[in-house]
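The values are calculated or read from the model by the stated rules, or taken from the named source; none is laboratory data. On a predicted model such as this, the values are computed, not experimentally measured, just so you know. Cβ placement follows ideal geometry from the backbone for every residue including glycine, while neighbour counts extend to all protein chains displayed. Only protein heavy atoms, including side chains, enter the accessible area calculation; ligands, DNA and RNA are left aside. Shrake-Rupley method; radii C 1.70, N 1.55, O 1.52, S 1.80 Å.
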Amino acid sequence: MSVHPTIYLKKGREDSLKRFHPWVFSGAVERMEGSPVAGDVVSVRSSSGEFLACGHYQKDSICVRILSFDSPELPKNFWYERLQAAYDARKASRLVGNRDTTCYRLVCGEGDDLPGLIIDIYGGTAVVQCHSVGMFRSRSEITDALRQVYGIGLDAVYDKSSGTAPFGRNNESSDGYLWRSANYDPSSYKECLEYGHRFFVDWEKGQKTGFFLDQRENRRLVEKYASGRNVLNLFCYTGGFSVYALAGGAKHVDSVDSSRSAISMLERNIELNGFGKGSSEAFCADAADFLNCSPDGRYDMLVLDPPAFAKHRAALPNALKAYRHLNASAISKAASGSFIFTFSCSQVVDHDAFALSVFSAAASVGRRVKIVDRLNQPADHPVNIYHPEGEYLKGLALYVE
Ligand code: SAH
(Lines give C-alpha, C1' and ligand atoms only; values in the text may rest on other atoms or scores of the structure.)
Protein backbone atom coordinates (compact mmCIF):
# COMPACT_ATOMS: atom_id res chain seq x y z
CA MET A 1 0.00 0.00 0.00
CA SER A 2 1.19 3.49 -0.71
CA VAL A 3 1.59 6.03 2.06
CA HIS A 4 -0.09 8.73 -0.01
CA PRO A 5 -3.75 9.14 -0.61
CA THR A 6 -4.60 7.10 -3.68
CA ILE A 7 -6.91 7.75 -6.59
CA TYR A 8 -8.35 4.74 -8.43
CA LEU A 9 -9.41 5.30 -12.01
CA LYS A 10 -12.51 3.93 -13.70
CA LYS A 11 -12.00 0.78 -15.68
CA GLY A 12 -10.28 1.47 -19.02
CA ARG A 13 -9.35 5.05 -18.12
CA GLU A 14 -5.64 4.32 -17.56
CA ASP A 15 -4.66 4.48 -21.25
CA SER A 16 -3.72 8.15 -21.40
CA LEU A 17 -1.43 7.81 -18.35
CA LYS A 18 0.19 4.77 -19.94
CA ARG A 19 0.98 7.06 -22.88
CA PHE A 20 2.52 9.53 -20.38
CA HIS A 21 -0.17 12.21 -20.72
CA PRO A 22 0.33 14.28 -17.58
CA TRP A 23 -3.28 15.02 -16.57
CA VAL A 24 -6.01 13.05 -14.80
CA PHE A 25 -9.49 14.43 -15.41
CA SER A 26 -12.01 14.22 -12.54
CA GLY A 27 -14.40 12.29 -14.82
CA ALA A 28 -11.92 9.39 -14.96
CA VAL A 29 -11.84 8.92 -11.17
CA GLU A 30 -13.68 5.94 -9.68
CA ARG A 31 -12.84 6.39 -6.00
CA MET A 32 -10.37 7.93 -3.63
CA GLU A 33 -8.56 6.39 -0.68
CA GLY A 34 -7.63 8.90 2.02
CA SER A 35 -8.73 12.52 1.98
CA PRO A 36 -6.18 14.62 0.13
CA VAL A 37 -6.31 18.40 0.27
CA ALA A 38 -5.38 20.66 -2.62
CA GLY A 39 -1.68 20.44 -3.39
CA ASP A 40 -1.04 17.03 -1.80
CA VAL A 41 0.91 14.42 -3.75
CA VAL A 42 -1.41 11.50 -4.53
CA SER A 43 -0.82 8.16 -6.20
CA VAL A 44 -2.91 7.15 -9.19
CA ARG A 45 -3.78 3.50 -9.81
CA SER A 46 -5.86 1.67 -12.38
CA SER A 47 -9.16 0.05 -11.36
CA SER A 48 -7.25 -3.19 -10.86
CA GLY A 49 -4.76 -1.49 -8.49
CA GLU A 50 -1.80 -1.20 -10.87
CA PHE A 51 0.43 1.80 -10.03
CA LEU A 52 0.37 4.41 -12.81
CA ALA A 53 1.77 7.71 -11.58
CA CYS A 54 1.84 10.28 -8.81
CA GLY A 55 1.13 13.98 -8.91
CA HIS A 56 -0.38 17.10 -7.37
CA TYR A 57 -4.01 16.78 -6.41
CA GLN A 58 -6.50 19.60 -6.85
CA LYS A 59 -10.30 19.54 -6.79
CA ASP A 60 -10.64 20.73 -10.35
CA SER A 61 -11.56 19.34 -13.77
CA ILE A 62 -7.88 18.36 -14.04
CA CYS A 63 -7.67 16.73 -10.62
CA VAL A 64 -4.12 15.34 -10.76
CA ARG A 65 -1.15 16.92 -12.52
CA ILE A 66 1.40 14.17 -12.91
CA LEU A 67 4.93 14.64 -11.56
CA SER A 68 6.30 11.11 -11.86
CA PHE A 69 5.42 7.91 -13.66
CA ASP A 70 8.12 6.04 -11.74
CA SER A 71 7.26 5.93 -8.07
CA PRO A 72 4.33 6.65 -5.74
CA GLU A 73 6.45 9.16 -3.82
CA LEU A 74 8.68 11.94 -5.10
CA PRO A 75 12.35 11.03 -4.63
CA LYS A 76 14.33 13.29 -2.30
CA ASN A 77 16.20 15.05 -5.09
CA PHE A 78 13.11 15.33 -7.34
CA TRP A 79 13.12 19.13 -7.65
CA TYR A 80 16.85 19.41 -8.21
CA GLU A 81 16.80 16.71 -10.90
CA ARG A 82 13.90 18.23 -12.80
CA LEU A 83 15.33 21.75 -12.69
CA GLN A 84 18.78 20.49 -13.65
CA ALA A 85 17.27 18.64 -16.64
CA ALA A 86 15.49 21.84 -17.70
CA TYR A 87 18.73 23.78 -17.29
CA ASP A 88 20.68 21.24 -19.34
CA ALA A 89 18.12 21.52 -22.15
CA ARG A 90 18.51 25.33 -22.18
CA LYS A 91 22.25 24.93 -22.16
CA ALA A 92 22.00 22.59 -25.14
CA SER A 93 19.97 25.20 -27.02
CA ARG A 94 22.60 27.84 -26.14
CA LEU A 95 20.48 29.96 -23.85
CA VAL A 96 22.48 29.37 -20.68
CA GLY A 97 25.74 31.29 -20.53
CA ASN A 98 24.90 33.27 -23.64
CA ARG A 99 26.40 36.75 -23.56
CA ASP A 100 23.85 38.20 -26.01
CA THR A 101 20.71 36.71 -24.46
CA THR A 102 20.36 36.84 -20.69
CA CYS A 103 16.66 36.01 -20.36
CA TYR A 104 14.90 32.74 -21.13
CA ARG A 105 12.26 30.36 -19.82
CA LEU A 106 13.82 27.71 -17.59
CA VAL A 107 10.66 25.75 -16.84
CA CYS A 108 7.68 25.57 -19.18
CA GLY A 109 5.12 23.49 -17.26
CA GLU A 110 4.29 20.14 -18.86
CA GLY A 111 7.00 20.77 -21.47
CA ASP A 112 9.54 20.28 -18.67
CA ASP A 113 7.57 17.57 -16.83
CA LEU A 114 6.52 20.05 -14.17
CA PRO A 115 2.82 20.75 -14.80
CA GLY A 116 1.65 23.99 -13.21
CA LEU A 117 5.10 25.60 -12.95
CA ILE A 118 6.67 28.41 -14.95
CA ILE A 119 10.12 29.78 -14.18
CA ASP A 120 11.58 32.62 -16.22
CA ILE A 121 15.17 33.76 -15.83
CA TYR A 122 16.04 37.45 -16.14
CA GLY A 123 19.79 37.80 -15.65
CA GLY A 124 20.36 36.66 -12.07
CA THR A 125 16.69 36.71 -11.09
CA ALA A 126 14.40 33.69 -11.38
CA VAL A 127 10.70 34.56 -11.54
CA VAL A 128 8.50 31.68 -10.39
CA GLN A 129 4.87 31.54 -11.44
CA CYS A 130 2.71 28.76 -10.00
CA HIS A 131 -0.48 27.73 -11.76
CA SER A 132 -1.44 24.97 -9.32
CA VAL A 133 -1.81 24.76 -5.55
CA GLY A 134 0.73 21.93 -5.43
CA MET A 135 3.40 24.05 -7.11
CA PHE A 136 2.54 27.00 -4.91
CA ARG A 137 3.01 24.84 -1.82
CA SER A 138 6.37 23.62 -3.19
CA ARG A 139 7.91 27.07 -3.57
CA SER A 140 10.54 26.58 -0.91
CA GLU A 141 11.74 23.27 -2.43
CA ILE A 142 11.77 24.97 -5.85
CA THR A 143 13.82 27.88 -4.48
CA ASP A 144 16.34 25.52 -2.88
CA ALA A 145 16.67 23.55 -6.11
CA LEU A 146 17.17 26.74 -8.14
CA ARG A 147 19.97 27.79 -5.82
CA GLN A 148 21.54 24.37 -6.15
CA VAL A 149 21.38 24.43 -9.96
CA TYR A 150 22.64 27.99 -10.46
CA GLY A 151 24.96 28.41 -7.46
CA ILE A 152 26.47 31.89 -7.46
CA GLY A 153 24.79 32.63 -10.80
CA LEU A 154 21.54 33.27 -8.97
CA ASP A 155 20.85 36.54 -7.16
CA ALA A 156 17.15 36.27 -6.33
CA VAL A 157 13.97 34.23 -6.66
CA TYR A 158 10.75 36.20 -7.08
CA ASP A 159 7.28 34.69 -6.70
CA LYS A 160 4.72 36.08 -9.16
CA SER A 161 1.85 33.66 -8.47
CA SER A 162 -0.86 35.93 -7.09
CA GLY A 163 -2.66 36.17 -10.42
CA THR A 164 -2.24 32.52 -11.39
CA ALA A 165 -2.34 30.18 -8.36
CA PRO A 166 -5.95 28.99 -8.12
CA PHE A 167 -7.04 29.83 -4.61
CA GLY A 168 -10.40 31.37 -5.42
CA ARG A 169 -11.57 33.75 -2.75
CA ASN A 170 -9.15 32.65 -0.04
CA ASN A 171 -6.13 33.91 -1.91
CA GLU A 172 -3.11 33.07 0.26
CA SER A 173 -0.69 34.31 -2.31
CA SER A 174 1.01 37.67 -2.46
CA ASP A 175 3.97 38.31 -4.71
CA GLY A 176 7.43 38.88 -3.33
CA TYR A 177 11.00 37.64 -3.07
CA LEU A 178 11.37 34.06 -1.86
CA TRP A 179 15.10 34.56 -1.55
CA ARG A 180 17.68 37.17 -2.46
CA SER A 181 21.39 37.49 -1.93
CA ALA A 182 22.60 39.93 0.71
CA ASN A 183 23.56 42.72 -1.70
CA TYR A 184 20.72 42.27 -4.21
CA ASP A 185 19.38 45.54 -5.53
CA PRO A 186 16.41 44.86 -7.82
CA SER A 187 16.70 48.18 -9.65
CA SER A 188 20.18 47.39 -10.92
CA TYR A 189 19.20 43.91 -12.04
CA LYS A 190 16.25 44.63 -14.25
CA GLU A 191 17.94 45.13 -17.60
CA CYS A 192 18.18 42.06 -19.81
CA LEU A 193 19.60 41.29 -23.21
CA GLU A 194 17.87 39.44 -26.00
CA TYR A 195 20.05 38.86 -29.06
CA GLY A 196 22.05 41.86 -27.91
CA HIS A 197 19.02 44.16 -27.68
CA ARG A 198 18.46 45.77 -24.30
CA PHE A 199 15.15 45.48 -22.48
CA PHE A 200 14.04 46.76 -19.15
CA VAL A 201 11.90 44.03 -17.56
CA ASP A 202 9.67 44.73 -14.57
CA TRP A 203 8.68 41.36 -13.11
CA GLU A 204 7.02 43.07 -10.14
CA LYS A 205 4.57 45.28 -12.02
CA GLY A 206 4.67 44.00 -15.60
CA GLN A 207 2.32 41.50 -17.26
CA LYS A 208 2.94 37.75 -16.82
CA THR A 209 6.51 37.38 -15.51
CA GLY A 210 7.53 40.71 -17.03
CA PHE A 211 8.42 39.96 -20.65
CA PHE A 212 7.09 37.80 -23.49
CA LEU A 213 10.07 35.52 -23.94
CA ASP A 214 8.18 33.26 -26.33
CA GLN A 215 8.52 35.74 -29.22
CA ARG A 216 12.34 35.84 -29.27
CA GLU A 217 12.85 33.96 -32.55
CA ASN A 218 9.88 35.60 -34.27
CA ARG A 219 11.26 39.03 -33.38
CA ARG A 220 14.47 38.01 -35.16
CA LEU A 221 12.51 37.34 -38.30
CA VAL A 222 10.91 40.78 -38.07
CA GLU A 223 14.39 42.28 -37.76
CA LYS A 224 15.49 40.39 -40.86
CA TYR A 225 12.67 41.77 -43.04
CA ALA A 226 12.27 45.27 -41.56
CA SER A 227 14.80 47.27 -43.59
CA GLY A 228 13.29 50.44 -45.06
CA ARG A 229 9.76 49.57 -43.95
CA ASN A 230 6.99 51.50 -42.26
CA VAL A 231 6.05 49.22 -39.39
CA LEU A 232 2.90 49.00 -37.30
CA ASN A 233 3.37 46.91 -34.14
CA LEU A 234 -0.06 46.21 -32.66
CA PHE A 235 -0.34 44.85 -29.09
CA CYS A 236 3.26 45.95 -28.67
CA TYR A 237 3.55 45.58 -24.84
CA THR A 238 7.06 46.84 -23.92
CA GLY A 239 8.23 47.00 -27.51
CA GLY A 240 9.96 43.69 -28.24
CA PHE A 241 9.06 43.70 -31.94
CA SER A 242 9.53 47.48 -32.23
CA VAL A 243 13.15 47.38 -31.02
CA TYR A 244 14.01 44.53 -33.42
CA ALA A 245 12.31 46.30 -36.34
CA LEU A 246 14.32 49.46 -35.68
CA ALA A 247 17.51 47.40 -35.34
CA GLY A 248 16.69 45.86 -38.72
CA GLY A 249 16.61 49.31 -40.31
CA ALA A 250 12.89 50.11 -40.34
CA LYS A 251 12.15 53.61 -41.62
CA HIS A 252 9.53 54.21 -38.95
CA VAL A 253 7.74 52.14 -36.28
CA ASP A 254 4.34 52.94 -34.78
CA SER A 255 3.56 50.87 -31.68
CA VAL A 256 0.12 50.46 -30.11
CA ASP A 257 -0.99 48.99 -26.78
CA SER A 258 -3.94 49.65 -24.49
CA SER A 259 -1.73 49.57 -21.40
CA ARG A 260 -0.25 52.95 -20.49
CA SER A 261 2.51 51.42 -18.37
CA ALA A 262 3.51 49.12 -21.24
CA ILE A 263 3.77 52.16 -23.52
CA SER A 264 5.99 54.06 -21.11
CA MET A 265 8.23 51.02 -20.73
CA LEU A 266 8.35 50.72 -24.55
CA GLU A 267 9.53 54.30 -24.82
CA ARG A 268 12.24 53.53 -22.32
CA ASN A 269 13.32 50.44 -24.24
CA ILE A 270 13.50 52.30 -27.56
CA GLU A 271 15.74 54.87 -25.92
CA LEU A 272 17.83 52.21 -24.16
CA ASN A 273 18.70 50.81 -27.59
CA GLY A 274 19.77 54.19 -28.90
CA PHE A 275 16.93 54.82 -31.36
CA GLY A 276 15.82 58.42 -31.66
CA LYS A 277 12.28 59.65 -31.20
CA GLY A 278 12.01 60.53 -34.89
CA SER A 279 11.81 56.93 -36.04
CA SER A 280 9.35 55.65 -33.46
CA GLU A 281 5.99 56.69 -32.07
CA ALA A 282 3.93 54.92 -29.41
CA PHE A 283 0.18 55.12 -28.89
CA CYS A 284 -1.93 54.07 -25.94
CA ALA A 285 -5.05 52.95 -27.80
CA ASP A 286 -7.26 50.03 -28.73
CA ALA A 287 -5.39 48.16 -31.47
CA ALA A 288 -8.43 47.45 -33.65
CA ASP A 289 -9.61 51.09 -33.46
CA PHE A 290 -6.13 52.35 -34.31
CA LEU A 291 -5.88 50.03 -37.30
CA ASN A 292 -9.35 50.91 -38.58
CA CYS A 293 -8.57 54.62 -38.41
CA SER A 294 -5.20 54.36 -40.16
CA PRO A 295 -5.08 55.28 -43.86
CA ASP A 296 -4.87 52.47 -46.43
CA GLY A 297 -1.32 51.68 -47.47
CA ARG A 298 0.47 53.58 -44.69
CA TYR A 299 2.27 50.48 -43.40
CA ASP A 300 4.20 47.80 -45.26
CA MET A 301 5.01 45.67 -42.23
CA LEU A 302 2.44 44.82 -39.56
CA VAL A 303 2.76 42.77 -36.40
CA LEU A 304 -0.40 41.45 -34.74
CA ASP A 305 0.26 39.78 -31.40
CA PRO A 306 -2.99 40.02 -29.43
CA PRO A 307 -3.62 38.50 -25.98
CA ALA A 308 -5.33 35.08 -26.00
CA PHE A 309 -8.81 35.66 -27.48
CA ALA A 310 -9.97 32.22 -26.23
CA LYS A 311 -9.03 31.22 -22.69
CA HIS A 312 -11.20 28.07 -22.85
CA ARG A 313 -12.94 25.89 -25.43
CA ALA A 314 -16.35 27.54 -25.07
CA ALA A 315 -14.86 30.82 -26.25
CA LEU A 316 -13.45 29.27 -29.44
CA PRO A 317 -16.08 30.40 -32.02
CA ASN A 318 -15.92 34.02 -30.86
CA ALA A 319 -12.13 33.92 -30.76
CA LEU A 320 -11.93 32.67 -34.35
CA LYS A 321 -14.26 35.46 -35.40
CA ALA A 322 -12.06 38.01 -33.61
CA TYR A 323 -8.89 36.68 -35.31
CA ARG A 324 -10.67 36.84 -38.66
CA HIS A 325 -11.75 40.47 -38.16
CA LEU A 326 -8.37 41.65 -36.96
CA ASN A 327 -6.52 39.93 -39.80
CA ALA A 328 -9.00 41.07 -42.44
CA SER A 329 -8.53 44.61 -41.32
CA ALA A 330 -4.71 44.30 -41.39
CA ILE A 331 -4.70 42.64 -44.82
CA SER A 332 -6.98 45.28 -46.27
CA LYS A 333 -4.91 48.18 -44.87
CA ALA A 334 -1.48 46.80 -45.81
CA ALA A 335 0.44 48.52 -48.63
CA SER A 336 1.23 46.35 -51.60
CA GLY A 337 4.39 44.33 -50.95
CA SER A 338 3.76 44.13 -47.20
CA PHE A 339 4.77 41.60 -44.60
CA ILE A 340 2.24 40.74 -41.90
CA PHE A 341 3.33 38.76 -38.85
CA THR A 342 0.16 37.47 -37.24
CA PHE A 343 -0.06 35.40 -34.05
CA SER A 344 -2.41 33.57 -31.73
CA CYS A 345 -1.38 32.50 -28.23
CA SER A 346 -4.75 30.88 -27.45
CA GLN A 347 -4.06 27.28 -26.51
CA VAL A 348 -7.43 26.06 -27.77
CA VAL A 349 -6.87 27.54 -31.24
CA ASP A 350 -4.60 25.13 -33.08
CA HIS A 351 -2.42 25.89 -36.11
CA ASP A 352 -5.05 24.71 -38.59
CA ALA A 353 -7.89 26.66 -37.01
CA PHE A 354 -5.75 29.78 -36.91
CA ALA A 355 -4.61 29.37 -40.51
CA LEU A 356 -8.24 28.90 -41.52
CA SER A 357 -9.30 32.12 -39.82
CA VAL A 358 -6.48 34.03 -41.56
CA PHE A 359 -7.43 32.38 -44.86
CA SER A 360 -11.05 33.53 -44.50
CA ALA A 361 -9.80 36.98 -43.55
CA ALA A 362 -7.77 37.16 -46.78
CA ALA A 363 -10.67 35.80 -48.84
CA SER A 364 -13.09 38.34 -47.39
CA VAL A 365 -10.77 41.15 -48.43
CA GLY A 366 -9.93 39.57 -51.79
CA ARG A 367 -6.19 40.34 -51.91
CA ARG A 368 -3.37 38.07 -53.09
CA VAL A 369 -1.69 36.76 -49.95
CA LYS A 370 1.13 34.23 -49.59
CA ILE A 371 2.25 32.37 -46.48
CA VAL A 372 6.02 32.82 -46.33
CA ASP A 373 6.65 31.30 -42.90
CA ARG A 374 4.91 29.32 -40.18
CA LEU A 375 5.82 30.54 -36.74
CA ASN A 376 6.06 28.80 -33.41
CA GLN A 377 7.18 28.94 -29.82
CA PRO A 378 10.95 28.66 -29.27
CA ALA A 379 13.16 25.95 -27.76
CA ASP A 380 12.82 27.21 -24.20
CA HIS A 381 9.03 26.77 -24.48
CA PRO A 382 9.19 23.07 -25.37
CA VAL A 383 6.16 20.89 -26.00
CA ASN A 384 6.10 17.56 -24.20
CA ILE A 385 5.50 15.08 -27.02
CA TYR A 386 2.91 13.30 -24.86
CA HIS A 387 1.06 16.58 -24.20
CA PRO A 388 0.31 18.29 -27.52
CA GLU A 389 -1.88 20.80 -25.64
CA GLY A 390 1.38 22.53 -24.67
CA GLU A 391 1.68 24.00 -28.16
CA TYR A 392 0.01 27.36 -27.67
CA LEU A 393 1.86 29.98 -29.76
CA LYS A 394 1.34 29.88 -33.47
CA GLY A 395 1.74 32.45 -36.17
CA LEU A 396 2.03 33.09 -39.88
CA ALA A 397 4.29 35.40 -41.81
CA LEU A 398 2.30 36.66 -44.77
CA TYR A 399 3.33 38.53 -47.88
CA VAL A 400 0.58 40.70 -49.31
CA GLU A 401 1.04 41.52 -52.99
N1 SAH B 1 4.03 41.56 -28.70
C2 SAH B 1 4.31 41.74 -27.31
C3 SAH B 1 3.43 40.91 -26.39
C4 SAH B 1 1.95 41.15 -26.56
S5 SAH B 1 0.98 40.63 -25.21
C6 SAH B 1 5.79 41.48 -27.06
O7 SAH B 1 6.48 41.04 -27.98
O8 SAH B 1 6.25 41.70 -25.93
C9 SAH B 1 -0.54 41.36 -25.58
C10 SAH B 1 -0.60 42.88 -25.34
O11 SAH B 1 -1.87 43.31 -25.81
C12 SAH B 1 -0.52 43.32 -23.89
O13 SAH B 1 0.54 44.24 -23.75
C14 SAH B 1 -1.86 44.03 -23.62
O15 SAH B 1 -1.72 45.18 -22.81
C16 SAH B 1 -2.29 44.41 -25.01
N17 SAH B 1 -3.72 44.57 -25.26
C18 SAH B 1 -4.75 43.83 -24.79
N19 SAH B 1 -5.92 44.23 -25.35
C20 SAH B 1 -5.62 45.26 -26.20
C21 SAH B 1 -6.38 46.07 -27.08
N22 SAH B 1 -7.68 45.90 -27.21
N23 SAH B 1 -5.73 47.00 -27.82
C24 SAH B 1 -4.40 47.18 -27.70
N25 SAH B 1 -3.63 46.43 -26.88
C26 SAH B 1 -4.23 45.48 -26.14
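If you restrict to DSSP beta bridges whose two residues both lie in region 212-400, what percentage is antiparallel, to the nearest 5? Spell out each step's value before the answer.
Values: 13 of 31 bridges.
Taking every DSSP beta bridge with both residues in region 212-400, the antiparallel ones total about 40 percent.
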> Quick one: which of K251/K321; K11/K59; K10/K59; K160/K224 span more than 23 angstrom between C-alpha atoms?
Replying inline: K251/K321; K160/K224
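Would you please classify the overall shape of region 248-299 from the alpha carbon gyration tensor, given that a ≥ b ≥ c denote the square roots of the eigenvalues, rounded means a/c under 1.5, and beyond that prolate means a/b larger than b/c while oblate covers the rest? Working shown, then result.
Working: a/c = 3.20, a/b = 1.25, b/c = 2.57.
Oblate, because a/c is 1.5 or more while a/b does not exceed b/c.
What ranking, highest mean first, results for peptides 374-382, 9-17 when packing means the other Cβ atoms within 10 Å averaged over each residue? Can you show the working numbers first?
Working: 374-382: 19.2, 9-17: 16.1.
The most tightly packed comes first, giving 374-382, 9-17.
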>> Normalised radius of gyration for region 181-288, please: alpha carbon Rg relative to 2.2 N^0.38 Å, two decimal places.
In response: 1.05
> If r is the Cβ-Cβ distance from S264 to K11 and R0 is 56 Å, what FRET efficiency results, to the nearest 0.05?
Replying inline: 0.45
>> How high is the relative contact order of region 246-401? Use alpha-carbon pairs under 8 Å, at least six apart in sequence, and give a whole percent.
In response: 22
>> Can you tally the net charge around E401? Count Lys and Arg as +1, Asp and Glu as -1, for every other residue whose Cβ sits under 13 Å from the Cβ of E401.
In response: +2
> At what distance in angstrom do the alpha carbon centres of region 298-357 and region 21-53 lie from each other?
Replying inline: 39
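Quick one: ranking E389, E81, E110 by accessible area, 1.4 Å probe, largest first, what do you get?
Descending order: E81, E389, E110.
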> Roughly how tilted is helix 139-150, in degrees to the nearest 10 and between 0 and 90, from the longest Cα axis of the chain?
Replying inline: 70
> In bins 10 Å wide, starting from 0, what share of all Cα pairs of region 212-400 does each bin hold, as a percent?
Replying inline: 10, 38, 38, 13, 1
> Dividing the alpha-carbon radius of gyration of the chain by 2.2 N^0.38 Å (N being the number of residues), what value is obtained?
Replying inline: 1.05
> Where the centroid of each part is defined by its Cα atoms, how far is region 249-284 from region 169-244 in Å?
Replying inline: 14
>> Among C108, W23, N233, whose Cα projects farthest towards the positive end of the dipole of the chain, with charges put on the beta-carbon of Lys, Arg (+1) and Asp, Glu (-1)?
In response: N233
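Roll a 1.4 Å probe over the protein chains and send me the accessible area per residue for region 212-400 in Å². Each step should come with its number before you reach the end.
Values: 8100 Å² over 189 residues.
Here the residues of region 212-400 average 43 Å² of exposed surface.
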> To the nearest 10 degrees, how steeply does helix 316-333 sit against the main Cα axis of the chain, on a 0 to 90 scale?
Replying inline: 20
> Using the Karplus equation 6.51 cos²θ - 1.76 cosθ + 1.60 (θ = phi - 60°), what ³J(HN,Hα) coupling, rounded to whole Hz, does each residue of region 62-68 give in order, writing x for Gly and Pro?
Replying inline: 8, 9, 9, 9, 6, 9, 8
>> Can you sort Y237, Y323 by solvent-accessible area, 1.4 Å probe, largest first?
In response: Y237, Y323
> Do the sum for the chain: with -39,500 (n - 2.57) for every DSSP H run of n ≥ 4, divided by all residues, what is the mean residue ellipticity at 222 nm, to the nearest 500 deg cm²/dmol?
Replying inline: -8000 deg cm²/dmol
> Mind checking the dipole of region 6-68: about its Cα centre, +1 per Lys or Arg Cβ, -1 per Asp or Glu Cβ, Debye to the nearest 20?
Replying inline: 140
> Which peptide among 51-61, 65-75 comes first, and what is the full order, when sorted by highest mean count of other Cβ atoms within 10 Å?
Replying inline: 51-61, 65-75
> Taking the highest mean first, how do the peptides 28-37, 217-226 order by number of other beta carbon atoms within 10 angstrom per residue?
Replying inline: 217-226, 28-37
> Once the other residues with Cβ under 15 Å from the Cβ of I385 are scored (Lys, Arg +1; Asp, Glu -1), what is the net sum?
Replying inline: -3
> Assigning unit charges at the beta carbon (Lys, Arg +1; Asp, Glu -1) and nothing else, what dipole magnitude in debye, to the nearest 20, does region 78-167 show about its Cα centre?
Replying inline: 160
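I'd like the carbon and sulfur percentage of the solvent accessible area for region 212-400, probe radius 1.4 Å, heavy atoms only, ligands and nucleic acids excluded.
Values: 4210 of 8100 Å².
Of all accessible area on region 212-400, carbon and sulfur atoms account for 52 percent.
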>> Which cysteines in the chain lack any other cysteine whose Cβ sits under 4.7 Å from their own Cβ?
In response: C54, C63, C108, C130, C236, C284, C293, C345
> To the nearest 20 debye, what charge dipole does the chain have about its Cα centre, counting +1 at the Cβ of each Lys and Arg and -1 at the Cβ of each Asp and Glu?
Replying inline: 620
> Taking amide hydrogens as modeled 1.01 Å from N in the peptide plane, which residues meet the under 5 Å criterion relative to L375, leaving out close sequence neighbours?
Replying inline: G395, L396, A397
> How about K333: which aspartates and glutamates have a C-alpha closer than 14 Å to its C-alpha, ignoring those fewer than 8 places off in the same chain?
Replying inline: D289, D296, D300, E401
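Compute the convex hull volume of the Cα atoms of region 1-120, divide it by the residue count, and report the result per residue in Å³ as a whole number. Before the final figure, lay out each step's value.
Working: hull volume 12.5 nm³, N = 120.
Hull volume normalised by residue count: 104 Å³.
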> From the residues A165, F359, L193, which one has its Cα farthest along the dipole of the chain in the positive direction, the dipole being from +1 and -1 charges on Cβ of Lys/Arg and Asp/Glu about the Cα centre?
Replying inline: F359
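So what is the accessible area of region 67-119 per residue, in Å², with the probe set to 1.4 Å?
Values: 2510 Å² over 53 residues.
Value returned for region 67-119: 47 Å² of accessible area per residue.
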